[in-house]
1. What is the set of long-range amide H partners of A:ILE19 at a cut-off below 5 Å, with H atoms built 1.01 Å from backbone N?
2. What aspartates and glutamates sit close enough to A:LYS778 to cross-link, taking a C-alpha to C-alpha distance under 12 Å and skipping anything fewer than 8 places away on the same chain?
3. How many times 2.2 N^0.38 Å is the alpha carbon radius of gyration of chain A?
4. Looking at chain B, which chymotrypsin sites (Phe, Trp or Tyr not before Pro) are DSSP coil and have at most 14 other C-beta atoms within 10 Å of their C-beta?
5. Based on the mean of other Cβ atoms within 10 Å per residue, sort peptides A:382-392, A:754-764, A:179-189 so the most packed one is first.
6. Can you give the Rg/Rh ratio of segment A:572-679, where Rg is from the C-alpha atoms and Rh is the Kirkwood radius?
7. Can you give me the three principal axis dimensions of segment B:23-91 from its C-alpha atoms, in Å, biggest first?
8. Find how many whole Å separate the alpha carbon centroid of segment A:607-639 from the alpha carbon centroid of segment B:34-68.
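Just so it is clear, none of the values below were taken in a lab; they were calculated from the coordinates. Computed from a prediction, not measured in an experiment: that's the story for all the values here. All Cβ positions, even for glycine, are placed from backbone atoms using ideal geometry, and neighbour counts span all protein chains on display.
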Amino acid sequence: MINNLRINKNNFIDQTIRISFKFNGKKLFGYKGDTLASALLANNIHLVGRSFKYHRPRGIMTCGSEEPNAIVQVGKDSSLTEPNVRATEIELYEGLEAFSQNCWPSINFDIGGINNFLSPLLPAGFYYKTFMWPASFWEKYEFFIRHSAGLGKSPTKPDQDLYDHQYVHCDVLVIGGGISGILSAKLSVAKGLNTMLIDDKDYLGGSTIYQDDDIFKINNENSNVWLKKQIETLNKIPNLTIKHRTSVAAFHGYNYLLARENLIDHLNIDERKGKIRQRLWKIRAKKVVIATGAIERPLVFSNNDRPGVILSSSIKKYIDYYGVKTGENISLFTNNDSAYETAISLNKSGVKVKVIIDIREDSNSILSEQVEKSGIKILKGYTVIDTDGYKRIKSFDVMKLSKDGGSVVGNKITYKSDCLGISGGWTPMVHLFTQSGGKLKFRNNDNVFIPDENKTPSKQISVGSSNGDFELDDVINNTVKNIKIFLGLDKNDFENLNIKCSKEKQKRNIWLLPSNKPISKTKPFLDFQNDSTAKDVKLALREGFKSIEHVKRYTTTGMGTDQGKLSNMHALGIIADTTGTNMGDLGTTTFRPPYTPLTFGAIVGRNVGKFFDHTRRTAIHDWHVKNKAEFENVGQWKRPWYFPKNGETMHQSVQRESKAARESAGILDASTLGKIDIQGEDASEFLNRVYTNAWSKLAIGKCRYGLMLNEDGMVYDDGVTTRLAENHYIMSTTTGGAANVLSKLEDYLQTEWPELNVYLTTVTDQYSTMSICGPNSKKIIKKVIPNLDLSDQSFPHMSFKNSKINNVKCRIMRISFTGEHSYEINVQSNYAKDVWERCIEAGKEFNITPYGTETMHLLRAEKGFIITGQDTDGTLTPSDLQMDWIIGKKKYDFIGKRSLYRSDTIREDRKQLVGLLTDDPKEVLEEGAQLVESLDKPIEMLGHVTSSYFSPNLNKSIALAVVRSGKKLKGKKLIVPMENKNINVTITDTVFYDKENKRLNA
Amino acid sequence: MFIINCPYCGERDQSEFSCGGEAHIERPKQPTELSDDQWAEYLFMRKNIKGIQFERWNHIHGCRKWFNVVRDTSNDKIHAVYKMGERPPIK
């Protein structure tokens, strides 16, 4: 029974532009201006999804962002498909393809629907209770649970769309383009303030813009006509920016807000190419006006979730705005006056309203009297107790309410209807206010939480129905009055408007409506998306959950993609009623950003792919690329890892590079090491305080290795520092520690030792460093710098000379991280590649071999040199590393000194650095592997492997490890238990190669 | 994301700064003369107040200067900003 439910009367849909789209593979059409939801309803399609837990058929229930049911998968493309999109918010475009979610094999026949009949077995906390024991079974349950749960499908390929971020500053930000937002913006721009007006729809005017009835008049015009004229004057105001299709996601402190603007989702696919899809606005506003309106509440009664049960105000919008009838035979069920507005709209459009069920006894307002006059039947003091129909509501049962509203009396009456509008009153949208840190107060007479103007954290104001004003005269008068004070305005045009509207006379609210059946036999849904019912909330309370936050998590009420926009108030109300608490005392759950879901694309903006993080390349990078280096990421740096030749594996390359460096000559690009230039008359004293060893006596032209601790005594960084002149040093740090070391040193200089005259400058990028090592390194340097005296007397180990390579000034240091005779050349970075190539050329006859970080690690491990961050992890003291020799015991103080003899740091059973040799010399240990003494359970872990390599120079496997009391355990046999074998190892000295350091001067 | 009034640069976004924890904890002049407990007091003990807290901040992506901030941790309101070495303008 597909028929067109479009009426030919309206100002908002362009019925000259037909748009075709597909839903679940079926070709349908709508018009320009439709949402997917309105187009589906025009095609008489209500059933759009299955519920999460019981797989009950669900239909479109609202017309906005609060929609719990009509969430669909849009598009089929594996990189552009988007799950969990609200059909009520997608603007229709040519070629739109949407699918129902959470149903299999199809929306009309869903196997999971069997859960509906099992529902007595699936109470709140079912999964928690059932799948806890035995714990080891979880792996088996998980597959089935994950398979049957879940909403849409994620795209499987990278997103091809463009996203953008933009900052904006304004005097006044107005959130919401309804009547109160428009008035606020007009007042703000009239004062000359730089104003931004944001609305999530493609049009302005909120719900007033289609309120076309002479009950609601402003200055003798129907309210929609008056508002339309106001909106027209907004065009071309230079100090006003209007953002359509933009939704504020987050309101942070200090008036910092995030808003997502949709730029192309409403366009036809072929018009989108090359355009930005979404822009995330980062807004800093001096003042914020929240005019986000209110959303209608449903009513909670048994089987209130059938397709065809729709919020009453949404029925009104579908007929007045989209010109779509949500049924041929509509009834309304309400506890307030707004359903009567819907009845008037339907009546005018020629849709028969069968009956209005009003739980109030007496509601003789202008609105209700007008409806009564039109001959629509009204049952006062009645309630709906149940509905019937599976994929669409067919009928509903009504009974009279008792005086106290706690039960039903009399006989059941059944009405046939294909659509039931429900209205349980209104909930102000206070999400953004509370996100910003504002506190709410509870208004008892109509059960709403509204912003407490005395507990507002920043310069902001809530106006209109988001501030709890629901009647047209209150909305306008209070908005104008409050904005006048907020913005400090003089007289204005809106102060004495002649406003005519209906006023609600009676209020009555029952959170859980009574039924003629015991509650256990009913299904009164609260959270439609997560399938939680009033029964679940009551069960949670019986089981001892008291806090609203706990009840929420236990029952999952309010935890769907709609974040409980429709369900939270009823859950609170039912808890308050059941426990005899005042709702105001109970408080609400926390509203957290985002207000509506954000795409990952909008969050990351342009920071994807190569823009995700900075990449740092050394000045010699191009040479490495040309020579086929494999690269390793070290922080943001790209460092050559190894240089494979002729299809070598990494292992083969590293073995070759390591042998070459020890047998002839190797060259390493060490430019990434941090370099800090230290100058000032107190530079020596400064170094004394930051390093563990003594510095005052270091002669000019000499280098010294230093260890830097944290104040807690743990090793933080290390490196060689060279005294260039009396008051001038250059410090080198680890690659990864460079920025932090500089910050730490700055911190001490500025805050603890401001009396020291010392200046720190980072020169990591300005200088490039290449290290040439091996027995032939001296000959190569001799070739590159023929006139430099390289004798050990003139240029001993741990000293430096200024020199020139082909007229390029350089600093040459004789320092070694490999244990070989080595030179480190530092040159200005823009000459580095040239100098590097000269060294390579000069070294050709000695088979100079470029090596990467892996060989560097291997060579230093052979010598037992630590790498901070690999062999240390912030829990090791110098003594733990067997480096007691570097502690300046005579020094009065240095960073971390006092901590070296705390009761904890002098324990002898601390983990300490040792060497390890495997009994089988070919067996290479895994870094991170655990060390144990025996395999008897419970197994005690004694430590772990920190570095491990196969040494080609020793022709055996070597490793460094930290082991409890390791210093005392030399010669001890330990076991490294692996998944499929146990490896026997022996604790040794940490130095494996050239223990006498003969090679340094070889 | 709050706005911090750097005493050297003026008002800037929080993202330019890093927080260095509680302020006015002076490094002892003679650490070697302290007992384990006294040293531990300096090293480890920090307040975690809900309310007015004195903090060190560094304009790390700006002038790189350290300074002090008086912040109410319950609502991020900044009551005062002052340079290193200066006394807190409020108690």
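1. For A:ILE19, the qualifying residues are A:GLY30, A:TYR31, A:LYS32.
2. The reachable aspartates and glutamates, counting only those whose Cα sits under 12 Å from A:LYS778, are A:ASP789, A:ASP792, A:GLU820, A:GLU824.
3. Computed over Cα atoms of chain A, the ratio equals 1.24.
4. Of the chymotrypsin sites (Phe, Trp or Tyr not before Pro), the ones in loops of chain B whose Cβ has at most 14 other Cβ atoms within 10 Å are B:TYR8.
5. Highest mean packing first, the order is A:179-189, A:382-392, A:754-764.
6. Checking Rg against Rh, the ratio lands at 1.43.
7. Extents along the principal axes, in whole Å: 38, 29, 22.
8. 37
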